[in-house]
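Data block below; observations after.
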Amino acid sequence: MTPLFILFVWPMRKIKTTVEDCALELMRHIEEQTAEGQQIDMLAFYQEFTLDVIGRIAMGQTDSQMFKNPILPIVKKLFEGAYSKLLLIGGVLPPFLVEIVRQILMKKMKMGSFRKINEITIEAVNRRIKQREEDEKRGIEVGEPQDFIDLFLDAKAGDVEYFGEDNGDFSKSTSYTNRQLTVEEIVGQCTVFLIAGFDTTALSLSYSTFLLATHPEIQKKLQEEVDRECPDPEISFDQLSKLKYMECVMKETLRLYPLGTFANSRKCMRATILGDIEVEPGTMIQVDTWTLHTDPRVWGDDAKEFRPERWESGDEHFFQKGGYIPFGLGPRQCIGMRLAYMEEKMLLAHILRRYSFEIGEKTEIPLRLVGAATTQPNSVWMKLKARN
Ligand code: HEM
């Protein structure tokens, strides 16, 4: 079953309030921890932020858990573990080996970090079911959904989008349903959101931060836009949509530092010719997103440069050429894209109104990239200079 429907029925405007709450909470921590001019590792701060957002919209968390969230070290382990490497090579293995890798992963998932995350989510879902039962006994009607758990509990069969084993051309995930979800399935869905939405967005924010600090003229132009479009203490949904240069910065960041690229893999369902290569049905194809995103035939001679302006005249031509796939492509494209962009815009706007990112002695230049399932910088230490 695809979690696709959930981000359609959940109004982004409602999520905006939660995202801004989390952004303001992070601002308090930033202020506290940089008060004496200390440098901070922005990667760690962004992970606190994105986990808080996902925790509050998908995991039944009711208030901020920043810098005290017991789930954080567990989730981080998921991305460091040996099985994230298995996940990575899974995309390029022959089908019979993919099945073996899948079995190993399933076994691993029943142990360790996944088990702990599952336990926490099961508890949250059961708590919500109990709460609803008690409310019903007291004659209290089910109100507006507060988060994804409510939406999943309310979902009827007709709400669920279907994707079969394949769509004729390629296949990816395989399961689907036509009935109300069980607790196990709801827990599975929430866990998918956690895993897919936590690290990716934190990393994208980290890379943007690094690029802004190393390109002060671009940071200044972005600050001018934020000052102009977001003059009030609270940033509205409409103000966010006016941050056009910010969008260019985010797109350019994901071009130079694509994430979760292992997910850009597909099983070929029909005999196909790619360039001068014949691809047999059943072959697993792994797209090399890093190379694609810096191909001079698509991007020009300055392909390796950070130049957000290249997006200012629209992006259709890049998509038409198939040269830009940070969120994948087709029916299984990332469903969290709008959420990720909103989180990034909201947080960066709040930070850049108050501070400028500056390189400090601890900043690693160039970034030291580590990891497996998602490539990530080892750290993104920054000085945050208060603006006048
Ligand atoms: C900058 C942040 C993000 C990046 C770069 C990113 C990237 C990707 C990529 C490359 C895929 C594979 C798409 C494909 O196979 O065509 C994917 C899938 C997915 N992403 Fe994201 N993602 C981000 C944020 C999020 C967030 C915030 C969420 C949810 C809270 C999310 C949820 C998902 C889910 C559920 C899938 C699987 C979709 C499916 O198979 O139907 N992602 N993402």
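Read-outs: derived from the displayed coordinates by stated rules, not from any lab. Bear in mind the structure is a predicted one, so any value in this text is a computation, not a measurement. Glycine gets a Cβ as well: all are built from the backbone with ideal geometry, and neighbour counts include every protein chain shown.
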Please work out how much length the chain gains when fully extended from D227 to M12, using 0.36 nm per residue of separation minus the C-alpha to C-alpha distance, in nm with one decimal.
75.1 nm
For the stretch 200-293, what value does the Rg/Rh ratio take when both radii are computed over Cα atoms and Rh is the Kirkwood radius, given to two decimals?
1.18
As an exercise, use a Förster radius of 51 Å and the Cβ-Cβ distance of D21 and L274 to find the FRET efficiency, rounded to the nearest 0.05.
0.65
Which trypsin sites (Lys or Arg not before Pro) in the stretch 217-307 pass both tests, a DSSP loop state and at most 16 other beta-carbon atoms within 10 Å?
K242, R270, K304
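For a Förster distance of 25 Å, can you work out the FRET efficiency between the beta-carbons of R354 and E217, rounded to the nearest 0.05?
Working: r = 20 Å, r/R0 = 0.79.
Taking R0 as 25 Å, the efficiency between R354 and E217 is 0.80.
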Simple SL model, points at 7 angstrom along Cα→Cβ for R297 and R138; separation in nm is 6.6
Taking the Cβ of T209 as the center, what net charge do the other residues with Cβ under 11 Å away carry, scoring Lys and Arg +1 and Asp and Glu -1?
-3
For the stretch 206-305, listing GluC sites (Glu not before Pro) in a DSSP loop whose Cβ sees at most 16 other Cβ atoms within 10 Å gives E234, E305
Taking neighbour Cβ counts within 10 Å as the exposure measure, how do F262, F210 sort from fewest upward?
F262, F210
Burial ordering of L369, L339, fewest other beta-carbon atoms within 10 Å first:
L369, L339
Need one word for the stretch 249-344: rounded, prolate or oblate. Basis is the Cα gyration tensor (sqrt eigenvalues a ≥ b ≥ c); a/c below 1.5 gives rounded, then a/b vs b/c decides.
oblate
Virtual spin-label span in nm between K362 and L256, 7 Å along Cα→Cβ:
2.3
Can you give me the distance in nm between label points at M337 and T62, each placed 7 Å from the Cα along the Cα-to-Cβ direction?
3.7
Out-of-range pairs (alpha-carbon distance over 19 Å; input K68/K362; K221/K321; K77/K116):
K68/K362; K221/K321
